[in-house]
Amino acid sequence: MRNVLENKLWFYVHVLSLDICLGVLGSGALATVVTGAKMKTVWWFLLPLSVWVIYTLDHLLDGKKVGENSINPRHKFHYDNSRVLTILCTIAAIISAVLAFLLLREIVLLGGVLLAALATLHLGIARWGKIRFGKEFSVALIYTLGVWFGPLLVVGFRSWIVPLLLFLFFLGTVLNLVMNSLMEAELDAREGQVYLLGVLSPKLAKEWVLRLSLLGFLAALVLAGGIRKWAPGTSVSASLVIALICAVPGGILRYADKFQDSQKYRILGEGVFILGLVPWFLNFL
């Protein structure tokens, strides 16, 4: 009975993108630690809410495109509950816009408008359906900018370490999305939802993920080892979390057989971003 409840809970957390929302909170905490920015309380609410709107719209579009015969749980759920989710998504989008205009700093609001434009372009291309290559990169770019734009607009780059950690975070996010595509390649192909893997073979994509995952992991470790000497005041634990964000996609693909026929790779892949809360909490100790 307990396993049934746990599986049901995870199902709703996953299909409603609540795991992504928790991950973006961890990513936001990580960005504030690396940049040293102090963000308004409203930013912490807007971050997961706006991400939920974007991901829900994306899944609604995918569900509508595939239809009632979808075999992807997310697409099927969003197709079956499209009316309710569309209403909730609209309400969440309106709340996000109102809060942003009323309570955010002007410079952060300007960045938010730019990100909204990028997200709209991405969703429009997805709806058009003619361009399928690069969705992993566009989602990773919007996610990374959404998390880091606000803190960087407030305080800027306080040291040369910050852009390096930002790039490694973006790299880890791309690798995570490509890893998900590889793990779900068969499922997506059966629905005609082929993106990066429509251009690169799964074998080649996997090889590049393994190489870049190791490279990103080692680079972040080197930065963590010398960060107190090169950039005093920068968090070592934040660098270690970014190292894990880079390492996890490669680790999952390296032992892909152990993750087949389960959602453990999703839990691990999204859970590593939640670890960004650790260095944020350590700052208060």
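The values are calculated or read from the model by the stated rules, or taken from the named source; none is laboratory data. Owing to the predicted nature of the structure, the values given are computational and were not obtained by experimental measurement. Please note: Cβ atoms are built from the backbone with ideal geometry, for glycine as well, and neighbour counts cover all protein chains shown. SASA here: full protein model, heavy atoms, side chains in, ligands and nucleic acids out. Shrake-Rupley method; radii C 1.70, N 1.55, O 1.52, S 1.80 Å.
Take peptides 61-69, 205-213 and line them up by average Cβ neighbours within 10 Å, highest first, as a rough protection proxy.
For the peptides 61-69, 205-213, the packing ranking is 205-213, 61-69.
Using protein chains only and a probe of 1.4 angstrom, how many square angstrom of residue 255 are accessible, to the nearest 10?
Here the residue's solvent-accessible area equals roughly 120 Å².
Could I have the simple spin-label model distance between residue 244 and residue 101, label points 7 Å from Cα toward Cβ, reported in nm to one decimal?
4.0
Report the FRET efficiency, 1/(1 + (r/R0)^6), for residue 71 and residue 167, where r is their Cβ-Cβ distance and R0 is 30 Å, rounded to 0.05.
Plugging the Cβ-Cβ distance into 1/(1 + (r/R0)^6) gives 0.25.
Beyond 30 Å between alpha-carbons counts as too far, so tell me which of 38/264; 76/206; 76/258; 135/258 fall in that bin.
Table pairs above 30 Å Cα-Cα are 38/264.
Which order, highest average first, do 82-90, 11-19, 215-223 follow once you tally other Cβ atoms within 10 Å for each residue and take the mean per peptide?
Final packing ranking: 215-223, 11-19, 82-90.
Residue 90 to residue 155: FRET efficiency via 1/(1 + (r/R0)^6), r the Cβ-Cβ distance, R0 35 Å, to the nearest 0.05?
Calculated value: 0.55.
Can you tell me which of 146-155, 265-274 comes out highest on packing, and rank the rest after it, using the mean Cβ neighbours within 10 Å?
With the highest mean Cβ count within 10 Å placed first, the list reads 146-155, 265-274.
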